[in-house]
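Written below as structure tokens is the structure these notes are about.
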Amino acid sequence: QVLLVESGGGLVQAGGSLRLSCAASGGTFGRYVMGWFRQAPGKQRELVARISWNYGLTYYADSAKGRFTISRDLAKNAVYLQMNSLKPEDTAVYYCAASGGSFFSAAVSEYDYWGQGTQVTVSS
């Protein structure tokens, strides 16, 4: 059974940084795509970034491009999201997810496993 556990969220002032971590266990993730999603109050859950386990290919939403960096540590079975230059509009619950589909998996429905979420709040 695959288990994903996020950590690293918190309260930060605008312009600050946070690094989110996702610890994965219970499965073989070599051909999986790992994604970071976020959901703000009153909004739909949206893809922030994704990375392939095997090759480290990355994708970023326009809102994250240039500010966020997704990475993975294969030895630790961990995925990270480094968030810099944070803005109040980045405030959301951030979720780690795993997809057994293609690198192009972007929809919530395409992801098979989800973490519990970690709150990120950016004050103005």
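Determine whether residue 79 is among the β-branched types (Val, Ile, Thr), modelled with pLDDT of 95 or more and over 20 Å from residue 121 (Cα atoms). For residue 79, the condition - among the β-branched types (Val, Ile, Thr), modelled with pLDDT of 95 or more and over 20 Å from residue 121 (Cα atoms) - is met.
Of all the listed residues (105, 71), the sole one being under 15 Å from the mean Cα position of the chain (by Cα) and buried (at least 16 other Cβ atoms within 10 Å of the Cβ) is 105.
Please determine whether any residue of the range 29-47 is closer than 19 Å to residue 2 by Cα and of a type in the set (S, T, N, Q). No, the range 29-47 contains no residue that is closer than 19 Å to residue 2 by Cα and of a type in the set (S, T, N, Q).
Please determine whether any residue of the range 70-81 is within 18 Å of residue 118 (Cβ to Cβ), of a type in the set (Lys, Arg) and part of a loop (DSSP other than H, G, I, E, B). Yes, the range 70-81 has at least one match.
Given the residues 35, 56, 16, which is the only one that is open to solvent by less than 50 Å² (accessible area, probe 1.4 Å) and outside any loop (DSSP other than H, G, I, E, B)? Steps first, please.
Working: 56 fails: outside any loop (DSSP other than H, G, I, E, B); 16 fails: outside any loop (DSSP other than H, G, I, E, B).
From the options 35, 56, 16, the qualifying one is 35.
The values are calculated or read from the model by the stated rules, or taken from the named source; none is laboratory data. Given the structure is predicted, the values throughout are model-derived calculations rather than measurements. Positions of Cβ are generated from backbone atoms using ideal geometry, with glycine treated the same way; all protein chains shown enter the neighbour counts. When the accessible area is computed, the model is the full protein with side chains, heavy atoms only, and any ligands, DNA or RNA have been set aside. Shrake-Rupley method; radii C 1.70, N 1.55, O 1.52, S 1.80 Å.
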